[in-house]
Amino acid sequence: MQLRVTSLPGDGIGPEVTSQAICVLEELADGFGHDFELDEKEIGGVALEKFGNPLPDSTIQACLDSHAVLLGAVGNPAFDCNPRELRPEAGLLRLRQKLGAFANLRPAVFYPMLAACSPLREEIVKGTDILIVRELLGGLYFGEPRSIEGKQGARQAVNTMGYGEPEIERIARVAFQLAQSRRKRVLSVDKANVLECSRLWREVVARVGRDFSDVHLSHQYVDSAAMALVLKPAEFDVILTENMFGDILSDQAGGIVGSLGLLASASIGGAVGLYEPVHGSAPDIAGKGIANPLGAILSVALMLRHTFHLPQEAECVEAGVISTLGGGFRTPDLARPGERTVSTEAMGAQITEFVRLASRSTKRAAS
Ligand code: NAD
Ligand code: IPM
Ligand code: MN
């Protein structure tokens, strides 16, 4: 199969984790006999520096010409005071829009060998396997009008939260369909006691839910869901929610399973899938070679599953991650005091090596 991928390493730790994910993908393509074609382009702060634009046309075109996009992270404190459209983050938001990626899947899975990394007791976090389905193209992130206006000292800021029925319906369908191949439970998270958007959200989700009689649907307010997530994370299956609630709850889920650096994501629903770790550019650790590359590497697994429909290859990458963690390899975010740590590169190399050996034995078994 032809795997045409555009890589957008971006800012901070983005290039560090993306290069490891690409090594894994290259090895996998080689081992399983796929034709891997890679194009690398700029986004975010690096694109601002080079082109004065966080999402140059050349980047958009390359992404639209490929089957899937792998993104590292965007964000650089040097641009924090720029106008909104000239911030690195604006490049990512526009890319999601250009690709039509309305469904953001963010799995958060507990690995038993990382029990000591979770701030929660093992008996609480054990068995956690959550899929957050976050609406990605609506809500406060894109609502109009938006502005900051007025004289210094008396300025007024406005953002608008808006959701339309078709927008809610399409993301709800994605969540219910995904729940059908899991534990068949959808929890829709909203703020229907206060917000009109959430009232409509709840009504439409309930209506869509009637088409999925095999899936159990429940609703919870976001404040209460945030508490339940730390009290009993193992009870959640699919969490369906709007853009900003999903952004917040997914970082929380990262903390619960032991590190934000573990979380991968898939942004699908449009012509080209976008795959990226959930974390940001982590300026506090950028350039040190110590970032956890597992979120980026597991994003490759999501790409193999959702864009290329190659479940065996996806499982190979996931098995590589489990084997590497089982072997005691820990980047500093995963290490307990006194534990030996490895670099981003060493962690990535371990998974690449696993993929090399596993794909060879698969080939031998097939011949
Ligand atoms: P962050 O996710 O970059 O970092 C939060 C904390 O988690 C930091 O202490 C960081 O060191 C740690 N961390 C994150 N990823 C890690 C990894 N792979 N390995 C080890 N530790 C890791 O969030 P932030 O500090 O709030 O934001 C920094 C910048 O990133 C901002 O400009 C923000 O807008 C941007 N951002 C981008 C994305 C994205 O590109 N998808 C996501 C979130 C934040
Ligand atoms: C994420 C990030 C982005 C978001 C930012 C960088 C625009 O936090 O992917 O979670 O809020 O969606
Ligand atoms: Mn976020």
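The values are calculated or read from the model by the stated rules, or taken from the named source; none is laboratory data. These numbers were taken from a predicted model, which means no experiment stands behind them. Because the Cβ atoms are built from the backbone with ideal geometry, glycine has one as well, and the counts that use them run over all protein chains shown.
Look through the stretch 173-207, keep the residues that are touching a Ser or Thr at 6+ places or on another chain (Cβ under 6 Å) and among the hydrophobic types (A, V, I, L, M, F, W, C), and return whichever of them is surrounded by the fewest Cβ atoms within 10 Å (Cβ to Cβ). So that I can check it myself, show each step before the final result.
The initial filter retains those residues of the stretch 173-207 that are touching a Ser or Thr at 6+ places or on another chain (Cβ under 6 Å), namely 187, 189-192, 205.
Subsequent filtering for residues that are among the hydrophobic types (A, V, I, L, M, F, W, C) retains 187, 189, 192, 205.
On the way: LEU187: 22, VAL189: 29, ALA192: 19, VAL205: 23.
Applying the filter and picking the extreme gives ALA192.
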Item to check | Restricting the stretch 32-59 to residues that are in contact (Cβ under 8 Å) with a residue 40 or more places away in the chain and in a helix (DSSP H, G or I), the residue that is nearest to PHE308 (Cα to Cα) | outcome: PHE32
Checklist entry - Looking at ARG210, is it in contact with a strand residue (DSSP E or B) (Cβ under 8 Å, 6 or more places away or on another chain) and surrounded by fewer than 19 Cβ atoms within 10 Å (Cβ to Cβ)? => result no
Checklist entry - Regarding GLU123, is this residue more than 14 Å from ligand 2 (Cβ to nearest atom) and not polar (S, T, N, Q)? => result yes
Checklist entry - Does the stretch 297-326 hold any residues that are crowded, with 20+ Cβ neighbours inside 10 Å, among the β-branched types (Val, Ile, Thr) and in a helix (DSSP H, G or I), and which are they? => result ILE297, VAL300, VAL317, VAL321, THR324
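What about ALA116, is it small (Gly, Ala, Ser), at pLDDT 95 or above and within 12 Å of ligand 2 (Cβ to nearest atom)?
no
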Next on the checklist: For the stretch 221-236, give me each residue that is within 25 Å of GLU122 (Cα to Cα) and either surrounded by fewer than 19 Cβ atoms within 10 Å (Cβ to Cβ) or within 16 Å of ligand 3 (Cβ to nearest atom) (or both).
Outcome noted: VAL222, ASP223, SER224, ALA226, MET227, ALA228, LEU229, VAL230, LEU231, LYS232, ALA234, GLU235
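Please enumerate the residues belonging to the stretch 188-212 that are assigned to a helix (DSSP H, G or I), of a type outside the set (S, T, N, Q) and within 21 Å of TYR141 (Cα to Cα).
Passing the criteria: GLU196, CYS197, ARG199, LEU200, TRP201, ARG202, VAL204, VAL205.
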Next on the checklist: Looking at the structure I just gave you, is ASP211 more than 19 Å from THR128 (Cα to Cα) and either in contact with a Cys (Cβ under 9 Å, 6 or more places away or on another chain) or of a type outside the set (S, T, N, Q) (or both)?
Outcome noted: yes
Next on the checklist: For the condition assigned by TED's automatic domain parsing to the domain that holds MET244, among the acidic types (Asp, Glu) and modelled with pLDDT of 95 or more, what is the one hit in GLU123, GLU89?
Outcome noted: GLU123
Checklist entry - Out of (1) among the small types (Gly, Ala, Ser); (2) away from ligand 1 (no atom under 15 Å from the Cβ); (3) within 30 Å of ASP35 (Cα to Cα), what's the single condition that is false for GLY52? => result (3)
Next on the checklist: Testing GLY100 on (1) on the phi > 0 side of the Ramachandran plot; (2) without any contact (Cβ under 8 Å) to a residue 60 or more places away in the chain, one condition comes back false. Which one is that?
Outcome noted: (2)
Item to check | Some residue of the stretch 277-296 being within 16 Å of ligand 3 (Cβ to nearest atom), touching a Ser or Thr at 6+ places or on another chain (Cβ under 8 Å) and assigned to a strand (DSSP E or B) | outcome: yes
Item to check | Leading residue by the ranking (farthest from PHE308 (Cα to Cα)) among those in the stretch 261-276 that are within 14 Å of ligand 2 (Cβ to nearest atom) and either assigned to a strand (DSSP E or B) or in contact with a strand residue (DSSP E or B) (Cβ under 7 Å, 6 or more places away or on another chain) (or both) | outcome: LEU263
